[in-house]
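One structure is given below, represented as structure tokens, and several questions about it will come after.
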Amino acid sequence: MISKALVAASTKPIILSILLSGENYGYQIIQSVKRISGGKLEWSDGMLYPVLHRLEKDGFISSKWKTSHEGRLRKYYLITDLGKEELETEKKQWLSVHAALSKLWKPLPTFD
Amino acid sequence: MFDLEQAIKKWRKTLRKNEALEDGYITELESHLRDEIDRQIDFGKNKEEAFEAAVRCLGQIDNIGAEFFKTNTRQLSRRPPWEHSRWIPSLFWNYFKIAFRKIKRQKGYSLINIAGLAIGMVCCILILLWIQDELSFDRHHEKAKRIYRVGTQFGPTVDSREAFTAPPMAEALIDEFPEVLQAVRLDLWDEDINLLVSHDEKHFMEKGIIWADSSIFDVFTIPFIIGNPKTALTQPGTVVIAEDTAQKHFGDEIPLGKTIKIESDEYQITGVVENCPSNSHFQFNMIASLISEELSRDPEWDGHCYFTYLVLPDRYPPSQLEEKFPDFIKRHYGPEFKEEMGISIEEYYDGENRYYGYWLQPLLDIHLNPDVGRAKGDITYVYVFSSIALFTLLIACVNFMNLSTARSANRSKEVGLRKVAGSSKSQLVRQFLCESILLSLIALVIAIGIVELVLPAFRNLTSKQLELNLFSNWYILIGLFGLALFVGITAGSYPAFFLSSFQPAVVLKGKLRAGTKSGWLRSGLVIFQFSISVIILLGTFAIYNQLKYVKNVQLGFDKEQIVVIHRASALGQQKETFKQELLRHSRIISISNTSSLPGRHFDPNDHRLEGEPKKAYVLHTMSGDHDFVELLNLEMVAGRYFSKEIATDATAVVINEAAVKKLGLSDPIGKRFYKEFGGAKKGEFVTIIGVVKDFHFHSLHHEIYPMVIRPLTGPQGNYTSVKIHPDNIKGTLSTIEKTWKKLSGGQPFEYSFIDDDFNSLYKKEQKTGEIFAMFSILAILIACLGLFGLASFTAEQRTKEIGIRKVLGASASGIIFLLCKEFTKWVLLANIIAWPIAYYAMKKWLQNFAYRINMGADVFIIPTLLALVIALVTISYQSIKASVANPADSLRYE
């Protein structure tokens, strides 16, 4: 299980990354996250939507309503240019954290 | 059968309740829900299970709503409106709004409630101010907690403790005990007495002149304005004066170096100090150097004439010093004692009931300990008034409880509806408490206004400089707010829990009968209220009866139309001329010169009978000339009084009956005392030539002490008393004044009447009586306010019953009787409860007097009747109104 703070911090880059591969709607985004993380990233389903709205408000994503073939109304989200830029900065930050941690966790050199 | 669409519809409805969730959001969430349900059904769950799992997956609606709210709001707190604030209870402002509306709607009841609470608070605030002042005495001295007063204990019990000490003590203490850091002697004998102060050929009468060692400024905190505290009082004939006194005598001139005369001695002014605060146990306008007095250099240890104060190190236990006193006494007083008494001090201790020792009294205890050293305060009164304050406040709170529960029927529907609408019990409790706190806050504001209005009168009553400075001290504001909160919660708690516990189903059906359930409690509270009022009332009556008694009792001497001229010794050798000149006037009946007078100080002195030098009797002593008995119209029971014609009367004395009894003499005439008070040093005697009938020369607090009158000769004696004719007293007084001015060289003429002087001995009791009277009136007033409200409520509740009774033929007086019966019962019961408590309390108080009234039936009956009459008058308005109402009106709607 991943801690709450880390889940909260990673939500934004994860959503933006998923949307990079094309427009998507809430339910699908959640399913993707579950699949990709192997169920280790656990979100309360409902909590995704406020985050999506926040991102939309900040201008990183935009949305439009579509009707599915079952006649169900769905709100699709797509990433904006601003969102792409934001994702790049996020990515750099995450990678530098990753690099730092990797270095630290390299197996210690042994003297034999 | 589970209907999925129906379930989703219901679910949507619950989402709608959350104000952050807009329609678009809900649609989005719903489509999510449906997707999830489809997936769950694919897994093989039935519709119902799938729906429940999907809802669960979505999470708490309120949390989602809160997140949406955060996304959309720009509010700093980002607290969604449906969540409770951490600081302010939900619906807080709503409670206030409702409370204000209630107050406005029920003007009469609100008025009674607020008025009652306000009066209770006024009592409480006034008394708290008084108590605060009493407890603040002497705290302004920086070393207050380390200052002790040395006293002398003359007998084995603490009753015989006094505060006076011998002149050489202060110096000896400093020399011998390193823990005594500083010591000072004060001579406060003339503190309350007018002394003649003159300078530049002008005469003034000045009170508050004290004598002190120069170390007074090391021990006590007395800030200097001009002058040097180190040197100000080190020389004989120097004096430091207070700011106001300097202003009065010299205006804006700097008085440093000026010479003034106090009586006949010259003093140079060496400093000006700040005025003495009123809450100091000694009061001064001038401090003269003690070494100006010859007595201050007296090396003898048997004179007890000065107050000695000392400063101990921080946290040094005074008992440790007290333990060293017995040796100290043996070393210093021992040799002198043996020479004087003929026995050593150790031998003296061996005798029965003998003790002589020193003790330490903390400075902060001095004011409230009335038994020692002329303290003016009394800790008992602090306790008594504190309880009065508390009880008046409780009476006011009881009013509120009574009226609120009595009116519960009117509010039961409201409570029912609120509960049906989803209000919880705790919310209702909060609402009712809010109402009572609001009322008590309004009452507080009114009370502060009233206090400001009556404070000048209260200052007069208590002769204290009391002030309510709201903004000088934060704790006064907080204290007052706390008071309002306390009153609000105390008064509101019972009604709040009572009202909020109604069952909505029951009250909405109208089954709850008007206030019957709480009837016993209401009557209990009224009885409690009236008991307290009656106790205070009884106390007031007992005090006034006792004061009336002590003022009208036969004192054994004539006290009417006797003018006492003070400072008679100022006439010097002219005294006899003064007497003869006045006696020429027809309106002057007799004149006598004396050293003391009834109501004034009589020196208690040791007397020894001839032949028994080891047995001392304490007799109170005065000196009087040969006209004294005639002046007061005293009766001689044996022998005769001094006569001008008989020369041997210079060595004669007259004693009273009490002295005869104390001395155990069957035939006192001709018996002789040693002339010296202490003992038999010179071997001279004085002879008893007469016995005067006992008369009260002290207040009635005390038994008549054994006393002895010595002959007064020449210019001695500070009082000249003149018995005058009751006609044209003013004219006679101006004649006396003219003669005085002529013979005293223009000195101010000071006089009083002996009956006034004597009555002023009961000043403390008089003040207590007045304060008691005031608070008993207020307590009764509050109780009556409550009674009035209750009566009007009862009358209102019973309108229909009264209507039916009238239709069936009841008379108006019958109805009035019916309504008054219950209240009368309560008030009488309250009286019965109050009697034993008041009896016990007043018995204790009366023990202050050796001569006292009997707490007979009359003391109880009048206040009881008074309370009853007041109560009946209070309820009569409502009762009469109810009894004369037309039954057709009250029954019309049935």
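Looking only at region B:64-71, decide whether some residue is modelled with pLDDT under 85, touching a Ser or Thr at 6+ places or on another chain (Cβ under 9 Å) and within 8 Å of chain A (Cβ to nearest Cβ). It would help to see each step written out before you state the result.
Here is the first cut: in region B:64-71, the residues modelled with pLDDT under 85 are B:64-71.
Checking which are touching a Ser or Thr at 6+ places or on another chain (Cβ under 9 Å) leaves us with B:64.
Pick out the ones that are also within 8 Å of chain A (Cβ to nearest Cβ) and you get B:64.
Taking every residue of region B:64-71 in turn, at least one turns out to be modelled with pLDDT under 85, touching a Ser or Thr at 6+ places or on another chain (Cβ under 9 Å) and within 8 Å of chain A (Cβ to nearest Cβ).
For B:Glu171, work out the one condition from (1) closer than 24 Å to B:Glu322 by Cβ; (2) open to solvent by 70 Å² or more (accessible area, probe 1.4 Å); (3) part of a loop (DSSP other than H, G, I, E, B) it doesn't fulfil.
(3)
For A:Leu101, work out the one condition from (1) under 21 Å from B:Phe68 (Cα atoms); (2) out of contact with any strand residue (DSSP E or B) (no Cβ under 9 Å at 6 or more places or on another chain) it doesn't fulfil.
Answer for A:Leu101: the failing condition is (1).
Still on this model: Yes or no: region B:4-19 includes at least one residue that is in a helix (DSSP H, G or I), open to solvent by less than 10 Å² (accessible area, probe 1.4 Å), in contact (Cβ under 8 Å) with a residue 40 or more places away in the chain and within 13 Å of chain A (Cβ to nearest Cβ).
Here is the first cut: in region B:4-19, the ones in a helix (DSSP H, G or I) are B:4-17.
Right, trim to open to solvent by less than 10 Å² (accessible area, probe 1.4 Å) and you get B:8, B:15.
Applying the additional criterion that residues be in contact (Cβ under 8 Å) with a residue 40 or more places away in the chain yields B:8, B:15.
Remaining after also requiring within 13 Å of chain A (Cβ to nearest Cβ): B:8, B:15.
Yes, the conditions are met somewhere in region B:4-19.
Only one residue in A:Ser44, A:Ser10, A:Ser21 is small (Gly, Ala, Ser) and touching a residue at least 12 places away in the same chain (Cβ under 8 Å), so which one is that?
Numbers: A:Ser44 fails: touching a residue at least 12 places away in the same chain (Cβ under 8 Å); A:Ser21 fails: touching a residue at least 12 places away in the same chain (Cβ under 8 Å).
None of the others qualify; the one that does is A:Ser10.
Considering only residues that are open to solvent by 20 Å² or more (accessible area, probe 1.4 Å) and part of a strand (DSSP E or B), which ones fall in region B:254-297?
Within region B:254-297, B:Thr259, B:Lys261, B:Asp265, B:Glu266, B:Gln268, B:Thr270 qualify.
Only one of (1) surrounded by 14 or more Cβ atoms within 10 Å (Cβ to Cβ); (2) facing another protein chain (nearest Cβ under 9 Å) is not met by A:Glu70, so which one is it?
The number of the failed condition is (1).
Residue by residue through region B:469-498, note down the ones that are open to solvent by 40 Å² or more (accessible area, probe 1.4 Å) and of a type in the set (A, V, I, L, M).
B:Leu477, B:Ile478, B:Leu485, B:Ile489
Results for (1) open to solvent by 40 Å² or more (accessible area, probe 1.4 Å); (2) in contact (Cβ under 8 Å) with a residue 12 or more places away in the chain; (3) under 15 Å from B:Met636 (Cβ atoms); (4) outside any loop (DSSP other than H, G, I, E, B), shown as yes or no for each residue.
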site	(1), (2), (3), (4)
B:Ile669	yes, yes, yes, no
B:Phe673	no, yes, no, yes
B:Phe695	no, yes, yes, no
B:His702	yes, yes, no, no
B:Val708	no, yes, yes, yes
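Would you check which residues across region A:27-49 are within 18 Å of B:Phe68 (Cβ to Cβ), modelled with pLDDT under 85 and either more than 11 Å from the chain's Cα centre (by Cα) or in a loop (DSSP other than H, G, I, E, B) (or both) and list them? Give the steps one after another, and end with the answer.
Taking region A:27-49 first, the residues within 18 Å of B:Phe68 (Cβ to Cβ) are A:27, A:29-30, A:43-49.
Subset that is modelled with pLDDT under 85: A:43-48.
Residues satisfying the conditions are A:Trp43, A:Ser44, A:Asp45, A:Gly46, A:Met47.
Name the residue that is modelled with the lowest pLDDT, counting only residues in region B:579-600 that are in contact with a Phe, Trp or Tyr (Cβ under 9 Å, 6 or more places away or on another chain) and open to solvent by 40 Å² or more (accessible area, probe 1.4 Å).
Only one residue tops the list, namely B:Arg600.
I'm trying to understand the selection: among the residues of region B:35-57, which are facing another protein chain (nearest Cβ under 8 Å) and surrounded by fewer than 20 Cβ atoms within 10 Å (Cβ to Cβ)?
So in region B:35-57, the residues facing another protein chain (nearest Cβ under 8 Å) come out as B:35-36, B:57.
B:Cys57, the sole residue that qualifies.
Please specify each residue of region B:107-129 satisfying the condition of being open to solvent by 30 Å² or more (accessible area, probe 1.4 Å) and under 28 Å from B:Phe282 (Cα atoms).
Residue satisfying the conditions is B:Leu128 alone.
Run down B:Phe498, B:Phe541 and say which single residue is assigned to a helix (DSSP H, G or I), modelled with pLDDT of 85 or more and aromatic (Phe, Trp, Tyr). Let's see the steps before the verdict.
On the way: B:Phe498 fails: modelled with pLDDT of 85 or more.
Exactly one of B:Phe498, B:Phe541 is assigned to a helix (DSSP H, G or I), modelled with pLDDT of 85 or more and aromatic (Phe, Trp, Tyr), namely B:Phe541.
Here's another thing I want to ask about it. For region B:571-578, indicate whether the set of residues that are open to solvent by 10 Å² or more (accessible area, probe 1.4 Å) and part of a strand (DSSP E or B) is non-empty.
No, region B:571-578 contains no residue that is open to solvent by 10 Å² or more (accessible area, probe 1.4 Å) and part of a strand (DSSP E or B).
Quick check on my filter: what residues within region A:38-59 are open to solvent by 30 Å² or more (accessible area, probe 1.4 Å), more than 8 Å from chain B (Cβ to nearest Cβ) and among the small types (Gly, Ala, Ser)?
A:Gly38, A:Gly39
If you check B:Leu634 against the conditions, is it among the hydrophobic types (A, V, I, L, M, F, W, C) and open to solvent by less than 10 Å² (accessible area, probe 1.4 Å)?
Working: among the hydrophobic types (A, V, I, L, M, F, W, C): yes; open to solvent by less than 10 Å² (accessible area, probe 1.4 Å): no.
Judged against the criteria, B:Leu634 is not a match.
Residue under question is A:Thr11, and the condition is that it be under 20 Å from B:Gly59 (Cβ atoms) and modelled with pLDDT of 85 or more; does it hold? Let's see the steps before the verdict.
Details: under 20 Å from B:Gly59 (Cβ atoms): yes; modelled with pLDDT of 85 or more: yes.
So A:Thr11 passes the test.
The values are calculated or read from the model by the stated rules, or taken from the named source; none is laboratory data. It should be emphasised that the depicted structure is a prediction, and the values quoted were computed from it without experimental measurement. Neighbour counts run over all protein chains shown; Cβ positions are idealised from the backbone, glycine included. We work out accessible area using only protein heavy atoms, side chains counted, and drop any ligands, DNA or RNA first. Shrake-Rupley method; radii C 1.70, N 1.55, O 1.52, S 1.80 Å.
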